């Protein structure tokens, strides 16, 4: 009988200690980390291009082609096959987590949207744009990097 009494006292003691510990700890408040707005302002050049999986980088001279983004507008220098063929406005679907970029060329009947990636590769930000200009059987992927 004494054995049961000791176990009961220890059980009550453990419960009391657990209750004290649970009520004495302050709950930490966690605040979600706000993701920074993705800023694509600047001049971008093609560093890799494919069409239907075939690498075009060594076949076509992309060195002079530029897409310049500033204040919601874009300009194109030395045009090549691209999603749009005239300067205009652009918008990202979400400034913190963009998955789509929309181009609205001056004089165009409608805006054109395309998947958009914004990875950091080897410490440098890149833009990856997938598009089909005209023919749906041809799919281009341009990987652009900011010109310093």
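The values are calculated or read from the model by the stated rules, or taken from the named source; none is laboratory data. Keep in mind it's a predicted model, so treat the numbers as computed, not measured. Note that each Cβ is placed from the backbone with ideal geometry, even for glycine, and that neighbours are counted across all protein chains shown.
Looking at (1) surrounded by 15 or more Cβ atoms within 10 Å (Cβ to Cβ); (2) touching a residue at least 40 places away in the same chain (Cβ under 8 Å); (3) part of a loop (DSSP other than H, G, I, E, B), which one does residue 84 not meet, given that it meets all the others?
Residue 84 satisfies every listed condition except (2).
Do the conditions hold for residue 91, that is, is it under 18 Å from the mean Cα position of the chain (by Cα), surrounded by 14 or more Cβ atoms within 10 Å (Cβ to Cβ) and over 16 Å from residue 139 (Cβ atoms)? Please lay out each step first, then the result.
Numbers: under 18 Å from the mean Cα position of the chain (by Cα): yes; surrounded by 14 or more Cβ atoms within 10 Å (Cβ to Cβ): yes; over 16 Å from residue 139 (Cβ atoms): yes.
Yes: the conditions hold for residue 91.
Can you pull out the residues in segment 107-141 that are surrounded by 15 or more Cβ atoms within 10 Å (Cβ to Cβ) and in contact (Cβ under 8 Å) with a residue 60 or more places away in the chain?
Across segment 107-141, the qualifying residues are 118, 126, 127, 140, 141.
Just checking, which of 61, 94 is outside any strand (DSSP E or B) and touching a strand residue (DSSP E or B) at 6+ places or on another chain (Cβ under 9 Å)?
None of the others qualify; the one that does is 94.
Among the numbered criteria (1) modelled with pLDDT of 90 or more; (2) over 21 Å from residue 39 (Cα atoms); (3) in contact with a strand residue (DSSP E or B) (Cβ under 8 Å, 6 or more places away or on another chain), which one does residue 132 miss?
Every listed condition holds for residue 132 apart from (1).
Looking only at segment 97-106, which residues are surrounded by 14 or more Cβ atoms within 10 Å (Cβ to Cβ) and closer than 14 Å to residue 74 by Cβ?
Hits for segment 97-106 are 101, 102, 103, 104, 105.
So, in segment 96-118, of the ones that are under 11 Å from the mean Cα position of the chain (by Cα) and more than 16 Å from residue 42 (Cα to Cα), which residue ends up modelled with the lowest pLDDT?
Going through the qualifying residues, I end up with 96.
When you scan segment 12-29, do you find a residue that is surrounded by 10 or more Cβ atoms within 10 Å (Cβ to Cβ), closer than 30 Å to residue 136 by Cβ and either in contact with a strand residue (DSSP E or B) (Cβ under 8 Å, 6 or more places away or on another chain) or at pLDDT 70 or above (or both), even just one?
No.
Suppose we keep only residues that are at positive phi and within 18 Å of the chain's Cα centre (by Cα) within segment 35-81. Which one would you say is surrounded by the fewest Cβ atoms within 10 Å (Cβ to Cβ)?
First, the residues of segment 35-81 that are at positive phi: 42, 52-53, 71-72, 78.
Restricting the remaining residues to those that are within 18 Å of the chain's Cα centre (by Cα) gives 42, 72.
Working: 42: 14, 72: 12.
Among those residues, the one meeting the criterion is 72.
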